[in-house]
Amino acid sequence: MCTKRLHARTPSAQAIGIGTVMGHHLRWHKKSQDGSGKCDIHFTGEHHHQVHGVLFEIAVSEKQRLDTVEGLHHGYEEKMVEVITSSGLVSAVTYYATIIDEKCRPYEWYKRYVVEGAIEYGLPENYVHILKSIAAVKDSDLEREQRETRIFMGS
């Protein structure tokens, strides 16, 4: 959700609103190629489960690059979801995890992107608190951690 990270991947990205997807639960169990956990809005079918997030619009010309960096067909696939917004229901494309490992934990820098993005867009305080409570691990690849931190810092 962090705009700075998304702009590093898709410069045209524009936030068009916040919304909620029902019947899903935010999980950090998508096993990344580096072994860490990435986010997944996991379908549960339980109406009380909900994921809050931000809707973005990107240029069609940037979609393939986003698919590549997100790992489409390599741990993530796409699906359409119905998002509840202040303007009504909106259909949106999201990625969902296909390579899952419940033992995975996000890197601290990745978790920071998610938490700061939630704060940036004013997601519900209790939801931000839940995001902050997720256990994260230090990235042993110092170069990657520094690169990701530089993106967050805007340099």
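The values are calculated or read from the model by the stated rules, or taken from the named source; none is laboratory data. Please read all numbers here as calculations on a predicted model, not as lab measurements. Positions of Cβ are generated from backbone atoms using ideal geometry, with glycine treated the same way; all protein chains shown enter the neighbour counts.
Tell me, yes or no, whether the range 128-135 has at least one residue that is closer than 19 Å to Gln33 by Cβ and without any contact (Cβ under 8 Å) to a residue 24 or more places away in the chain. Scanning the range 128-135 turns up no residue that is closer than 19 Å to Gln33 by Cβ and without any contact (Cβ under 8 Å) to a residue 24 or more places away in the chain. Just one of the listed residues (Lys111, Lys138, Lys103) is touching a helix residue (DSSP H, G or I) at 6+ places or on another chain (Cβ under 7 Å) and either under 23 Å from Met22 (Cα atoms) or surrounded by fewer than 16 Cβ atoms within 10 Å (Cβ to Cβ) (or both), namely Lys138. Yes or no: the range 78-88 includes at least one residue that is modelled with pLDDT of 95 or more and surrounded by 18 or more Cβ atoms within 10 Å (Cβ to Cβ). Yes. No other residue among Tyr127, Tyr96, Tyr121 is over 21 Å from His48 (Cβ atoms), surrounded by 12 or more Cβ atoms within 10 Å (Cβ to Cβ) and not acidic (Asp, Glu) apart from Tyr121.
The set of residues in the range 1-36 being on the phi > 0 side of the Ramachandran plot and at pLDDT 95 or above consists of Gly23 alone. Any residue that is under 16 Å from Val21 (Cβ atoms), in a loop (DSSP other than H, G, I, E, B) and in contact (Cβ under 8 Å) with a residue 60 or more places away in the chain - is there at least one of those in the range 78-96? Looking for residues that are under 16 Å from Val21 (Cβ atoms), in a loop (DSSP other than H, G, I, E, B) and in contact (Cβ under 8 Å) with a residue 60 or more places away in the chain, one finds at least one in the range 78-96, hence yes. Here the range 12-23 is the region considered, the condition is being crowded, with 16+ Cβ neighbours inside 10 Å and of a type in the set (A, V, I, L, M, F, W, C), and the residue that is nearest to Leu89 (Cα to Cα) is Val21. The strands (runs of 3 or more DSSP E) found entirely in the range 24-64 that carry 1 or more residues being touching a residue at least 40 places away in the same chain (Cβ under 8 Å), surrounded by 19 or more Cβ atoms within 10 Å (Cβ to Cβ) and among the aromatic types (Phe, Trp, Tyr) are 24-31.
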